[in-house]
Amino acid sequence: LGLKKEVNVLCLGLDNSGKTTIINQLKPSNAQAQDIVPTIGFSIEKFKTSSLSFTVFDMSGQGRYRNLWEHYYKEGQAIIFVIDSADKLRMVVAKEELDTLLNHPDIKHRRIPILFFANKMDVRDALSSVKVSQLLCLENIKDKPWHICATNALKGEGLQEGVDWLQDQIK
Ligand code: GTP
Ligand code: MG
């Protein structure tokens, strides 16, 4: 039977980090968009794994829309947080947004799994996932399961490892 557990996932991270490109890669090829444009507000997407049916809130990362994120925190059962590993100048902004997320009352006391994608690993001079993890101080996250993967969303590299981890956290 095709009955899979339904899970709401929030896809967060700065604009241009690659959130929509990643979610698009996780969809079956016949459902994939050909060209991806910056998200306005947010978009609801779906993809399935062997045991789960994910509904993704693909949020816009643009500054003017980031205040929308918190309205969906209560519904989220998992978080995918995407970082542009090549955007060194804005790593501090990504950290600020992550810290705001982690301190939000709807997130702070929950054991919600967080999957970090250190995306754009194909870009010359991109930071390693270890370096991104250090700059975001991920080792300070003690009360939630988290995992970081280096990804190239253009080719889909690294995504499966992350999704497998997420599925293991939830099932
Ligand atoms: P917002 O919707 O504005 O928040 O952005 P987003 O995080 O959804 O980013 P989006 O998926 O629209 O990708 C932004 C740009 O980065 C696009 O031009 C993508 O093709 C490009 N991009 C995404 N992932 C990668 C990657 O792994 N490597 C490279 N080189 N480019 C990428
Ligand atoms: Mg987008």
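The values are calculated or read from the model by the stated rules, or taken from the named source; none is laboratory data. Only a predicted model underlies this, so the values are computations on that prediction, with no experimental measurement involved. In this analysis, Cβ positions are derived from the backbone assuming ideal geometry, glycine residues included, and neighbour counts consider all displayed protein chains.
Would you tally the residues in segment 42-64 being more than 16 Å from the chain's Cα centre (by Cα) and within 15 Å of ligand 2 (Cβ to nearest atom)? Residues that pass the stated criteria total 2. Beta carbons closer than 6 Å, at least 6 apart along the sequence or on distinct chains, pair a first residue in segment 15-43 that is under 18 Å from Ala94 (Cα atoms) and among the basic types (Lys, Arg) with a second that is part of a loop (DSSP other than H, G, I, E, B) and at pLDDT 95 or above for Lys19/Gly13. The set of residues in segment 1-47 that are more than 14 Å from ligand 1 (Cβ to nearest atom), exposed (fewer than 12 other Cβ atoms within 10 Å of the Cβ) and assigned to a loop (DSSP other than H, G, I, E, B) comprises Leu1, Gly2, Leu3, Pro28.
Set side by side, the residues Glu70, Glu75 differ, and just one is part of a helix (DSSP H, G or I), over 22 Å from Gln160 (Cβ atoms) and at pLDDT 95 or above, which is Glu70. Residues in segment 68-106 that are more than 14 Å from Phe57 (Cβ to Cβ) and without any contact (Cβ under 8 Å) to a residue 60 or more places away in the chain: 14 in all. Consider segment 83-139 and keep the residues that are of a type in the set (Lys, Arg) and not in a loop (DSSP other than H, G, I, E, B). The one that is nearest to Asp15 (Cα to Cα) is Arg90.
Can you say whether Asn30 is more than 16 Å from ligand 2 (Cβ to nearest atom) and closer than 21 Å to Lys144 by Cα, as far as the supplied structure shows? Taking the combined requirement at face value, the residue does not satisfy it.
Output the number of residues of segment 48-60 satisfying the condition of being part of a loop (DSSP other than H, G, I, E, B), more than 9 Å from ligand 1 (Cβ to nearest atom) and within 22 Å of Glu75 (Cβ to Cβ). Matching residues across segment 48-60 total 2.
Among residues of segment 119-171 being surrounded by 18 or more Cβ atoms within 10 Å (Cβ to Cβ) and on the phi > 0 side of the Ramachandran plot, the one that is nearest to ligand 1 (Cβ to nearest atom) is Lys120.
Within the set Leu166, Leu115, Leu102, the sole residue that is out of contact with any strand residue (DSSP E or B) (no Cβ under 7 Å at 6 or more places or on another chain) and of a type in the set (A, V, I, L, M) turns out to be Leu102.
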